[in-house]
Amino acid sequence: MAGRAREGQGASRGVPVGRRASIALGGALLGGAAPVAVEVAPGAFVLPGEAAEASAANLGAIANTGFLLGRDAVAVVDPGGSLAHGQRLRRAVEAATRLPIRHVILTHAHPDHVLGGAAFADLGAEVVAHARLPAALAQRREFDRRVLAREVGEAAAGSDALAPTRLVADRLALDLGGRVLDLRAWPTAHTDHDLTVLDSGAGMLWAGDLLFLGRIPALEGSLAGWLRVLAALRDLPAVRAVPGHGPASVPWPEAAADLARYLEALRDGTRAAIAAGIGIAEAPSRVAPEEARRWPLAEAYHARNVTVAYRELEWE
Amino acid sequence: MHPAFPRRPLLLAGLSLPAIAHAQGIEPAETPRRAARWHDLRQAILGDRPVAPAGAALDLTAPARAQDAALVPIAIALSAEIAPQVTTLTLVVDENPLPLAAVFRAGQPGALRALTARIRVDAYTLLHAVAETADGRLLEAARFVKAAGGCSAPIGGDLEAARQRMGRMRLALPEGPPGPGRAVPVQVAISHPNTSGLQMDPLTRLSIPAEYIREIRVTYAGAEVIGVAPDISIAENPTFGFTLAGEPGGELRVEAADNRDRRFAGTWTLGTTG
């Protein structure tokens, strides 16, 4: 998916941009290399995040974000990790279409996915999220903003999440005009408020952080729950998926294999450590070290994943 | 009040409010405010008694950056010379709303030699351990821990399931039962949500009342091994490690009570298989 980019053409037509390969943004606007929105399906675009921790260099743009065009409206999926990231995404939308952004969908409350919301605050779009997201956001928002300011510096100023205006307890159909998105709220998995978007017409699953590739998964919700939800996601009628972290789109369900292997190794290794009387302080360095070594950023997340898994499994 | 169980939560809570506001979660380690705070806390908990640096006598271990602010494993190791003389260990999480996390009392000499616990950490904090010896000396050690939000973090999993499990206990003897001349590590865990009173129900948005274990007593073959007076800074499912000496084949008994006066007990006969 290299940047087969063309500068903003077709932006004035007010219709889905159809089969043009991808949309580039004016480099001058950004003061740097032009990020490229990849058209992963007709009228569906992904702005791939960088496989790194948030920093001044990447402005917090570390998660995949994107948008879908219908006949009448645009839905944004995850507004990004900072105001700058959100603005970049918004320019990508505006380069692709003049249709209004009517929906901002949040796959979950993690800062790399939601703190770009401020870039869309003036639009009055409905903000759609899992029914449990508001509580999670209330709990972490201020802390996450402070951390972003420390990681990204002054450029983080103005970054903030949008408050959800429409909550999904189970399923919701969003009609963009000729394109109906099937939103599903899942039981506790990556977090306790994961939401996916199935673009049935395109056979494309927007998985949020229920799917990681090329970056070690981060477990916050439930290990057993994530494995169950992943099994359910594999059965959805999709042939491609957009992961929360990784390439813009990947074959589905084949691309779930690495994640499933990691989660199973984490589960089996943690159970074995508990059975052997290894304490929670020592377990992180002793559970599934070979599996962890296969993943970028393992040093930042594997120990925490083991801690979360241990906490869950020791009373199962 | 038993001198080993100083409970002055109101005083400590009052003292903590302005400092918490200052702390804003991520203040660095070396600030005059932190030193002043520990000075005040020490005064409130231990009074005017002199406290000396523990040096090599006491090693306090905690992760520099916690993996989970609601479950931070800590360990206190006493040197071989000092261990038999230590009668109590006091654990303080300076920046927590209720800083006094727990007081551990040795029932048998050496029981506190290798102590472990799991705490909540609400903001970047100094952690203090103070050992009291039989001859009345106080020895302190400190660690800085980066973690935030641990006191108000949601409970892991489902609160209802946790309530139904309440009082179940687990015992781990990674090195087997004790034997003649061989003291062994023991870990005891009590299933209990141990809510801090600072957590919120994600659906009702109402705060969850504090329900927490406030007393634990462990005996072996009828004699006390260790007593613990924990508070809300202890993580859910309170889990403690200590050292047990004795003959094999005795009965280990754990008795616990929470602040609602629910009482829990577990017994295990420590045979050759542990």
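The values are calculated or read from the model by the stated rules, or taken from the named source; none is laboratory data. Since this is a predicted model, take the numbers as computed values, not measurements. Note: ideal-geometry Cβ built from the backbone for every residue, glycine included; neighbour counts use all protein chains shown. Surface accessibility is based on the protein's heavy atoms, side chains included, excluding ligands, DNA and RNA. Shrake-Rupley method; radii C 1.70, N 1.55, O 1.52, S 1.80 Å.
Of note:
- Of the residues in segment A:100-140, those shielded by at least 50 Å² of accessible area once partner protein chains are present, compared with the chain alone at a 1.4 Å probe, are A:A135, A:Q139.
- Chains A and B together, accessible area buried on both sides, 1.4 angstrom probe, square angstrom: 2300 Å²
- Computed helical MRE - 222 nm, the protein assembly as shown, DSSP H runs ≥ 4 contributing -39500 (n - 2.57), nearest 500: -7000 deg cm²/dmol
- Efficiency of FRET between A:A169 and A:D235 - r from beta-carbon atoms, R0 22 angstrom, step 0.05: 0.55
- Going from the isolated chain to the complete set of protein chains, segment B:45-78 loses at least 20 Å² of heavy-atom accessible area (1.4 Å probe) at B:Q67, B:D68, B:L71, B:P73.
- Degrees between helix A:223-234 axis and first principal axis of chain A (Cα, 0 to 90, nearest 10): 40 degrees
- Global form of segment A:151-240, assessed from the alpha-carbon gyration tensor, a/c cut-off 1.5: oblate
- Label-to-label distance, B:T61 versus A:R294, with points set 7 angstrom from Cα along the beta-carbon direction: 3.0 nm.
- Relative contact order [Cα under 8 Å, 6+ residues apart], segment A:5-252, whole percent: 17 percent
- Projected over all directions and averaged, the alpha-carbon convex hull of chain B occupies 14.4 nm².
- Cβ-derived FRET efficiency at R0 25 Å, B:R163 paired with B:D261, nearest 0.05: 0.95
- Fraction of C-alpha pairs exceeding 22 angstrom in segment A:188-260: 11 percent, rounded to a whole number.
- Surface share of carbon and sulfur [accessible, 1.4 angstrom probe, percent] for segment B:128-236: 50 percent
- Segment A:E154-A:S285, length gained on full extension (0.36 nm per residue, minus Cα span): 43.6 nm
- Once the Cβ-Cβ distance of A:V180 and A:E94 is raised to the sixth power relative to R0 = 22 Å, the FRET efficiency obtained is 0.40.
- Where segment A:5-252 is the region considered: accessible area per residue in Å², 1.4 Å probe: 35 Å²
- Carbon + sulfur, % of accessible area of segment A:108-183 - ligands and nucleic acids excluded, 1.4 Å: 50 percent
- For chain B, the solvent-accessible area with a 1.4 angstrom probe is 41 square angstrom per residue.
- In angstrom, the C-alpha Rg and Dmax of the protein assembly as shown are 26.6, 87.
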